[in-house]
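Written below as structure tokens is the structure these notes are about.
The values are calculated or read from the model by the stated rules, or taken from the named source; none is laboratory data. Predicted, not measured: the structure shown is a model, and the values here were computed from it. Ideal geometry is used to build each Cβ from the backbone, glycine not excepted, and the neighbour counts take in all protein chains shown.
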Amino acid sequence: MPRPPRLEYEGAVYHLTSRGNGRQTIYREDADWQHFLDQLQDNLETFDVVLHAFVLMTNHYHLLVRTRRANLSRFVQRLNTSYALYYRYKHDHPGHVFQGRYTAKLVDGDTYLLRLTRYIHLNPVKTTEAAHLNLKKRIAQLSSYRWSSYPGYVSSARVLPWVEYSILKARGKSWSEARQRYRRYAESMVMNIDESLQLAMAANSYALGDEPFVQSVEGEFKTRRKGTDIDRDLALPRGGMELGDIDLRVAAAYGIPREHLRLHGHAAKEAKMAAVEIAVRVSGLTQREIGQHYGGISSSAVAMIRGKIRKGGKAMRERIAKLTAACQPSKVNI
């Protein structure tokens, strides 16, 4: 059966889900849940992706994201691969951790965005295990669930700096009022099912929104779908910065010949670290491709360089962060 292709573009919003292989558990202990969130936060920053809502369940996760660049596939691939490597090593787990391809449905319209956040947040109280709980106990479970963006939606004290809460703005004249109203909005569906949303989600495999939006997305896929098992994801040009341009900027900033950045070894030191970090963030290339450019190093070596930056001195981190910010492409307003 042909796999459904994907459409990627700047400013696209997706409801994203990924499940454990065979619906197996993918988080066994608190350290696993936290490690996934750490990886999520890192990849949101690396790929310039906005996270509006999330929930982690025992054997799957949901994300509501906006891609400022056309890079959804690279974002999810890096997120799932990095966590799968961790999980296999820590738990001596052979084989695949995640099941096949993730699912990503394009979303349009503020109404659907709000309802999707509620659908995502209510996952912990819609399980088989929670079916016997009464309303009061379900609300208590929802409020205490740790692995979700819901706490930040209803309490300013539990806001996460890497989650975007702008969907709340239209819910009240102040953030306090908006959070109170959102709490009531979520709790109103704790014992019920948003049937119209469920029908809309089931109506189309690619998109969720008003009829013109859904038809336009479906039409785009029909014009490009081959009907084979090698269909490619559909993406507009990523518009990433060329590695040569990155080299010029970094070499000028550090006062070195740009050829030194491509030498194998540590001749360029911090400058090479900066070039690698910037390339990961703005070039649109894989870590393997970036490593080949900078002296033929491996993708794991690229990851190690980035780790050294995060653990390095404050002054060095600030210099590299400033240079990286100067190389960022123009961002789409959200």
Sole residue being surrounded by 14 or more Cβ atoms within 10 Å (Cβ to Cβ) and not in a helix (DSSP H, G or I), chosen from GLY291, GLY295:
GLY295
Taking the range 266-286 and the residues there that are small (Gly, Ala, Ser) and at pLDDT 85 or above, the one that is surrounded by the most Cβ atoms within 10 Å (Cβ to Cβ) would be ALA275
I'd like to verify a number: residues in the range 125-141 that are under 30 Å from ASP210 (Cα atoms) and either touching a helix residue (DSSP H, G or I) at 6+ places or on another chain (Cβ under 6 Å) or of a type in the set (Asp, Glu) (or both), how many?
1
Condition set basic (Lys, Arg) and in contact (Cβ under 8 Å) with a residue 24 or more places away in the chain, scope the range 62-88, selection nearest to ARG118 (Cα to Cα): answer is ARG66
Tell me, which helices (runs of 4 or more DSSP H) lie completely within the range 140-227 with 2 or more residues that are over 19 Å from VAL125 (Cβ atoms) and either free of Cβ contacts under 8 Å to residues at least 60 places away in the same chain or assigned by TED's automatic domain parsing to the domain that holds ALA104 (or both)?
175-187, 195-203, 211-224
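Residue-wise test of (1) at pLDDT 85 or above; (2) exposed (fewer than 14 other Cβ atoms within 10 Å of the Cβ); (3) in the same structural domain as ASP38 (by TED's automatic domain parsing).
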residue	(1), (2), (3)
ARG232	no, yes, no
ASP247	yes, no, no
ARG258	no, no, no
HIS264	no, yes, no
ILE320	yes, no, no
I'd like to verify a number: residues in the range 79-97 that are loosely packed, with under 14 Cβ neighbours inside 10 Å and aliphatic (A, V, I, L, M), how many?
1
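Has the range 60-69 got any residue that is within 27 Å of LEU168 (Cα to Cα), in contact with a Ser or Thr (Cβ under 7 Å, 6 or more places away or on another chain) and of a type in the set (A, V, I, L, M, F, W, C)?
Looking for residues that are within 27 Å of LEU168 (Cα to Cα), in contact with a Ser or Thr (Cβ under 7 Å, 6 or more places away or on another chain) and of a type in the set (A, V, I, L, M, F, W, C), one finds at least one in the range 60-69, hence yes.
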